[in-house]
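Only one structure is covered here, and it is reproduced in the block below.
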Amino acid sequence: MEHNETEDLSQVVIHLMRGILYKEDKPKVWQSMELAEGPVRDYLSTINLDLHIYDSDGFAYLQSKEPEEGAPPLPRIMARRPLSYPVSLMLALLRRKLTEHDTYSSEPRLIIGLEEFTNMVSSFFPTSNNEVKVLKRLDAHLQRIHDLGFIRFLDAKKDKFEVKRILKAYIDAQWLSDFDGKLEEYLAHGSESDEEGDTDV
């Protein structure tokens, strides 16, 4: 492999190891990944990682391979990150919203305002007379979702955000099809604590 090819391979792997790679954000890295997909997959396989590419949606990410039956598990390079109940629920609601958007809208991007989002999730959380405290908590959960790479704020005020399509890979269609049947359970759970660790990503 020539020097330039090795450098391109390194750039691709480094970006993927840092998190989700979006075509629109890093078009040159994306092009290098497409040109060197075989060597990239071969290298990642040696460190027990799979490369998932969603070309039509313009994103790619890494996932640790599951051990074969009977084989001892290897240390995970991509650590699982525990999610609280509120964050898990918000991700599910955003995933459903993304499906509705793709079905009924011709716009390629799903943009949601903070007020719309608050109205969308408020019924799933305990009522409170302290509105400021509730909004701060929702802001913290939304920031967590941003840090995980599932949304992108559109301005410094953070009053609008874009839902990223990586969410389609995280919450699959089968899980989403069961979502409506679980809403009563989620509504009941809304009065419970916000402790971390209900879900891993």
- How many of the residues in the range 65-92 are in a loop (DSSP other than H, G, I, E, B) and at pLDDT 70 or above? 3
- Subset tally (residues that are within 24 Å of H146 (Cα to Cα), in contact (Cβ under 8 Å) with a residue 24 or more places away in the chain and not aliphatic (A, V, I, L, M)) for the range 1-51: 5
- Could we say that L9 is at pLDDT below 95, under 25 Å from the mean Cα position of the chain (by Cα) and under 13 Å from Y61 (Cβ atoms) here? no
- Note on the structure: Filtering the range 142-201 down to residues that are polar (S, T, N, Q), assigned to a helix (DSSP H, G or I) and at pLDDT below 80 yields Q174, S177
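Does the range 102-109 include one or more residues that are touching a residue at least 12 places away in the same chain (Cβ under 8 Å) and either farther than 30 Å from L44 by Cβ or β-branched (V, I, T) (or both)?
No, the range 102-109 has no match at all.
Give the residue that is nearest to D57 (Cα to Cα), with candidates limited to residues of the range 93-134 that are in a helix (DSSP H, G or I) and of a type in the set (V, I, T).
This residue is T99.
Please work out if L110 is in contact with a helix residue (DSSP H, G or I) (Cβ under 9 Å, 6 or more places away or on another chain) and of a type in the set (A, V, I, L, M).
On the way: in contact with a helix residue (DSSP H, G or I) (Cβ under 9 Å, 6 or more places away or on another chain): yes; of a type in the set (A, V, I, L, M): yes.
Considered against the rule, which asks whether it is in contact with a helix residue (DSSP H, G or I) (Cβ under 9 Å, 6 or more places away or on another chain) and of a type in the set (A, V, I, L, M), L110 comes out as yes.
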- Task: Would you mind finding the one in F125, F150 that is over 22 Å from D25 (Cβ atoms), surrounded by 15 or more Cβ atoms within 10 Å (Cβ to Cβ) and not basic (K, R)?
- Result: F125
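The values are calculated or read from the model by the stated rules, or taken from the named source; none is laboratory data. Quick caveat: nothing in here was measured; it's all calculated off a predicted structure. A quick note on method: Cβ atoms are made from the backbone with ideal geometry, for glycine too, and the neighbour counts reach across all protein chains shown.
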